[in-house]
Amino acid sequence: MPRKYPLKNIRNIGIAAHIDAGKTTVTERVLYYSGRVHRVGEVHDGAATMDYMEQERERGITITSAATACEWKGHRINIIDTPGHIDFTAEVERCMRVLDGAIIVFCGVAGVQPQSETVWRQAEKYKVPRIAFINKMDRVGANFFQAIESIEHRLHALTLPVQIPVGSEENFRAVIDLLNQKMITWVGETVNCVQVSEEIPEEYRDDAHFWRMHLIEVVANHDEEVLELYLEGKEIPVDLLKKAIRKLCINRIGTPVLCGSALKNKGIRLTLDAVVDYLPSPIDLPPYEGTLPQDPNKKVLRHPSDDEPFSALAFKILSDPHVGKLTFVRVYSGVIETGQTLLNTRTGMKERLGRIVELHADERTEIKELRTGDIGAVIGCRSVLTGDTLCAPKHPIALMPLTFPEPVVHISIEPKTKADQDRLSNALHRFADEDPTFRVRVNEETGQTIIAGMGELHLEIIIDRMKREFGVEAHVGKPVVAYRETIRQSATADKKFVRQTGGRGQYGHVVLTVEPLPRGSGFVFEDKTVGGVIPKNYIPSVEKGCKEALETGIVAGYPMVDVKIILTFGSYHEVDSSDLAFQIAASMAVKEAVMNARPILLEPIMRLEIDTPPEYTGDIINDLDHRRGRMLNMEVDGQRQIIHALAPLAELFGYANDLRSCSQGRANYAMEFERYEDVPVEVGNRIMERIGSSYGFEP
Ligand SMILES: Nc1nc2c(ncn2[C@@H]2O[C@H](COP(=O)(O)OP(=O)(O)OP(=O)(O)O)[C@@H](O)[C@H]2O)c(=O)[nH]1
Ligand SMILES: [Mg+2]
């Protein structure tokens with residue numbers, strides 16, 4: 001089958017922003033104007049096409065990223081609408097990883113908000129070029145130029161305003177296109193309002209001229225051709241200017257800025273034009289870099305072309321009650337058809353493609369093939385997890401995987417009736433398969449099921465889905481911090497596990513040393529035994545026993561991290577030794593060694609960004625002080641004060657409410673996991689008391 005759209009006419013874009021900036025409202029209009037849907041669904045009516053989950057419709061927020069596609073002026077635009085709430089930041093992360101460009105939506109009143117900074121950083125991390133859309137120009141207090149300043153100042157971005165608004169707040173009625181030097185107005189405010197292009201009225205000509213010259217000057221600073229014409233005082237052709245802006249955008253030097261009101265249907269069509277004009281197609285970006293699966297130091301390139309070997313990244317998994325496991329993929333090179341076989345680079349397993357579907361929110365259309373640059377889903381890949389590379393078996397490649405933040409909030413959960421235990425466990429494991437920021441584990445000692453997620457809302461939604469989709473009712477505990485445990489010094493233990501019960505006995509004997517490692521190192525195992533004191537075939541069992549012991553720490557049952565275990569000596573018995581015996585001996589030895597290694601709790605520290613009117617700064621800092629917070633720095637953004645700080649998650653439950661009440665609802669914040677740090681001794685002892693442990697930490 002030939003290509004329907006040449007590669008240069010494909011745009012893969014994401015829409016990202018602070019919560020409630022209007023991403024979904026923008027997306028709904030995009031679908032309408034591109035002819036993808038014939039009725040606009042509004043978020044506030046619980047009718048948005050893209051917010052299809054029941055929980056999304058009830059709450060009027062986006063929870064899960066949804067993909068769709070539309071056509072605009074001969075271009076195929078694949079779009080992913082992402083959620084703005086911080087608990088679902090992983091959804092933004094995965095989209096940024098696979099998209100070629102993004103529309104960052106800003107609120108015309110608030111400008112840059114805390115979560116706008118986070119998504120901006122995420123886009124930077126994955127080198128995603130972007131355009132800015134300043135939305136809500138109809139709202140009281142909307143100010144385009146202030147928003148631009150806030151983008152320049154807080155995001156350190158070079159803005160390229162390609163339009164300026166005509167009128168503001170309730171009088172916002174048009175924009176001036178600075179490239180074509182026309183005024184674009186909308187007749188009416190409904191979706192089918194007509195867009196008219198007319199000469200710039202006399203009264204706006206000075207402003208328009210001023211901003212056009214501003215745009216040209218900024219562009220000329222970075223573009224030789226434009227600079228030359230500018231210096232000679234010559235007219236700059238629209239096409240040349242557009243080409244120069246496109247180059248600046250794709251190279252992430254500048255950000256074209258547009259404005260409008262999604263709710264009043266103004267500015268969306270021009271934004272679609274800008275997507276086509278300024279955001280890259282797959283062939284405008286450098287070739288994709290991966291590594292050889294067997295040698296991570298060896299780089300391999302894939303050019304965006306149907307003729308290259310197939311490579312794709314699985315960026316999302318969704319279990320569907322009707323079709324089973326859907327694997328969302330972004331194709332970087334080559335073509336794949338149903339029935340063909342792919343290699344999962346991580347597992348080394350081959351996967352036969354059952355079916356391929358194209359996505360439109362929760363609707364799926366079966367298609368025969370996926371080509372370079374496409375985003376779609378495949379059905380029937382069993383071994384695939386989020387972040388896996390799928391490639392042509394003869395041309396293996398490992399693409400850069402996805403990284404997700406650590407889930408740091410825990411809740412204990414228990415089915416209301418014993419009979420529901422299996423269904424509860426099934427449901428939770430299914431959610432964990434889909435969502436890399438959600439984990440389930442059972443506390444060995446108490447037998448309690450613990451779920452971990454990004455925040456209270458995240459876990460609340462999971463519990464709600466469990467009830468609705470699996471019919472499981474559960475008792476849930478209060479959210480608590482996901483502590484970890486580690487050690488502060490080295491210690492050695494010598495343990496024998498011996499059983500003599502008639503017949504064949506058990507014999508395992510290990511001597512090992514535990515050593516602290518720097519934060520973030522995880523677990524390292526080293527075998528330093530010599531002379532076969534423990535036969536080689538038992539070493540993996542020793543390592544397994546060590547790992548198991550670390551899963552449930554001895555202080556309070558939290559997983560132990562940043563520990564190195566060195567196996568130094570041991571002995572075996574010709575007849576009685578077994579894998580199990582060595583595993584148990586190792587586990588016992590680790591527990592004993594850890595006891596003597598001054599164990600300590602680790603707690604998650606969050607990076608906070610608070611955005612407030614200056615008059616509340618004192619109160620907010622005071623409050624942070626009580627929460628064991630540490631100031632990093634402060635900056636001023638127009639009328640707002642921005643506070644950057646670190647604080648332990650344990651002190652931040654309910655922070656949203658407290659911040660709201662101490663600022664009359666006018667301060668805003670975002671937080672992100674930063675790192676694990678030692679819990680101060682006196683705090684640790686309070687935690688021990690609370691959980692009823694007799695263990696005490698010493699300074
Ligand atoms: N006045 C005004 N309201 C708008 C505009 N665009 C969106 N809204 C409203 O703002 C609210 C949030 O809009 P959404 O589109 O759900 O925002 P979102 O960015 O998708 O939100 P999340 O996905 O939850 O982060 C809704 O009530 C919209 O009707 C606009 O241009 N003007
Ligand atoms: Mg939304």
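The values are calculated or read from the model by the stated rules, or taken from the named source; none is laboratory data. As the structure is a prediction and not an experimental result, all values here were calculated from the model. Neighbour counts run over all protein chains shown; Cβ positions are idealised from the backbone, glycine included. Protein only, heavy atoms only, side chains kept; ligands, DNA and RNA dropped before computing areas. Shrake-Rupley method; radii C 1.70, N 1.55, O 1.52, S 1.80 Å.
Of note:
- Conditions (1) of a type outside the set (G, A, S); (2) within 27 Å of the chain's Cα centre (by Cα); (3) away from ligand 2 (no atom under 11 Å from the Cβ); (4) closer than 25 Å to V98 by Cα: number failed by D20: (3)
- Qualifying residue in region 79-86 (condition: hydroxyl-bearing (S, T, Y), within 10 Å of ligand 1 (Cβ to nearest atom) and under 15 Å from the mean Cα position of the chain (by Cα)): yes
- Meets criteria (touching a Phe, Trp or Tyr at 6+ places or on another chain (Cβ under 9 Å) and on the phi > 0 side of the Ramachandran plot) for G373: yes
- Whichever residue in region 76-90 is more than 11 Å from ligand 2 (Cβ to nearest atom) and within 23 Å of Y33 (Cα to Cα) and, among such residues, is surrounded by the most Cβ atoms within 10 Å (Cβ to Cβ): I80
- Restricting R3, R29, R97, R36 to residues that are open to solvent by less than 10 Å² (accessible area, probe 1.4 Å), farther than 23 Å from R154 by Cβ and in contact (Cβ under 8 Å) with a residue 60 or more places away in the chain narrows the list to R29.
- Residue in region 289-299 that is under 25 Å from the mean Cα position of the chain (by Cα), under 18 Å from T372 (Cα atoms), away from ligand 1 (no atom under 16 Å from the Cβ) and open to solvent by 40 Å² or more (accessible area, probe 1.4 Å) present: yes
- V119 being part of a helix (DSSP H, G or I), under 19 Å from A262 (Cβ atoms) and open to solvent by less than 10 Å² (accessible area, probe 1.4 Å): yes
- In region 54-73, the residues that are within 11 Å of ligand 2 (Cβ to nearest atom) and either in contact (Cβ under 8 Å) with a residue 24 or more places away in the chain or among the acidic types (D, E) (or both): E56, I61, T62, I63, T64, S65, A66
- Screening Q146 on (1) within 30 Å of N171 (Cα to Cα); (2) open to solvent by 10 Å² or more (accessible area, probe 1.4 Å); (3) within 16 Å of ligand 2 (Cβ to nearest atom) shows it passes everything except condition (3).
- Within region 674-694, considering residues that are more than 24 Å from G522 (Cβ to Cβ) and of a type outside the set (A, V, I, L, M), the one surrounded by the most Cβ atoms within 10 Å (Cβ to Cβ): N685
- Conditions (1) closer than 27 Å to V109 by Cα; (2) more than 16 Å from ligand 2 (Cβ to nearest atom); (3) buried (at least 21 other Cβ atoms within 10 Å of the Cβ); number of the one not met by D206: (3)
- Conditions (1) within 28 Å of P407 (Cβ to Cβ); (2) modelled with pLDDT under 95; (3) buried (at least 16 other Cβ atoms within 10 Å of the Cβ); (4) among the charged types (D, E, K, R): number failed by K544: (2)
- Flag for R130 being among the basic types (K, R) and within 12 Å of ligand 1 (Cβ to nearest atom): no
- Among the candidates S412, S383, the residue that is touching a residue at least 60 places away in the same chain (Cβ under 8 Å) and either over 30 Å from P6 (Cα atoms) or open to solvent by less than 20 Å² (accessible area, probe 1.4 Å) (or both) is uniquely S412.
- Selection from region 645-658 of residues that are under 25 Å from the mean Cα position of the chain (by Cα) and either in a helix (DSSP H, G or I) or surrounded by 16 or more Cβ atoms within 10 Å (Cβ to Cβ) (or both): A645, L646, A647, P648, L649, A650, E651, L652, F653, Y655, A656, N657
- Qualifying residue in region 401-410 (condition: of a type in the set (F, W, Y) and either in a loop (DSSP other than H, G, I, E, B) or touching a Cys at 6+ places or on another chain (Cβ under 7 Å) (or both)): yes
- Considering only residues in region 249-271 that are aliphatic (A, V, I, L, M) and surrounded by fewer than 23 Cβ atoms within 10 Å (Cβ to Cβ), the one that is nearest to D223 (Cα to Cα) turns out to be I253.
- Scan of region 300-312 for residues that are in a strand (DSSP E or B) and open to solvent by 20 Å² or more (accessible area, probe 1.4 Å), ordered by number: V300, L301
- Yes/no for P282 being in contact (Cβ under 8 Å) with a residue 12 or more places away in the chain and more than 20 Å from A69 (Cα to Cα): no
- Number of residues in region 219-240 that are farther than 21 Å from Y278 by Cα, open to solvent by 100 Å² or more (accessible area, probe 1.4 Å) and part of a loop (DSSP other than H, G, I, E, B) equals 3.
- For region 56-75, the candidate set comprises residues that are open to solvent by less than 40 Å² (accessible area, probe 1.4 Å) and more than 20 Å from the chain's Cα centre (by Cα); within that set, the residue that is nearest to L272 (Cα to Cα) is W72.
- Test: residue in region 8-17 that is among the basic types (K, R) and within 14 Å of ligand 1 (Cβ to nearest atom): no
- Test result for V40, at pLDDT below 90 and either hydrophobic (A, V, I, L, M, F, W, C) or within 9 Å of ligand 1 (Cβ to nearest atom) (or both): yes
- Residue in region 110-125 that is over 21 Å from the mean Cα position of the chain (by Cα) and not polar (S, T, N, Q) present: yes
- Among the residues listed as R39, R29, R59, the single one being within 26 Å of G373 (Cβ to Cβ) and basic (K, R): R29
- Inclusion of V175 among residues that are touching a Pro at 6+ places or on another chain (Cβ under 9 Å), under 21 Å from L263 (Cα atoms) and crowded, with 22+ Cβ neighbours inside 10 Å is warranted.
- Region 421-442, residues that are farther than 19 Å from T327 by Cα and open to solvent by 20 Å² or more (accessible area, probe 1.4 Å): Q421, D422, R423, S425, N426, R439, V440, R441, V442
- Counted residues, region 272-288 - those being over 27 Å from E217 (Cα atoms) and either in a strand (DSSP E or B) or open to solvent by less than 60 Å² (accessible area, probe 1.4 Å) (or both): 3
- Search result, residues across region 18-77 that are touching a Lys or Arg at 6+ places or on another chain (Cβ under 9 Å), over 25 Å from A90 (Cβ atoms) and among the aliphatic types (A, V, I, L, M): V40, A47
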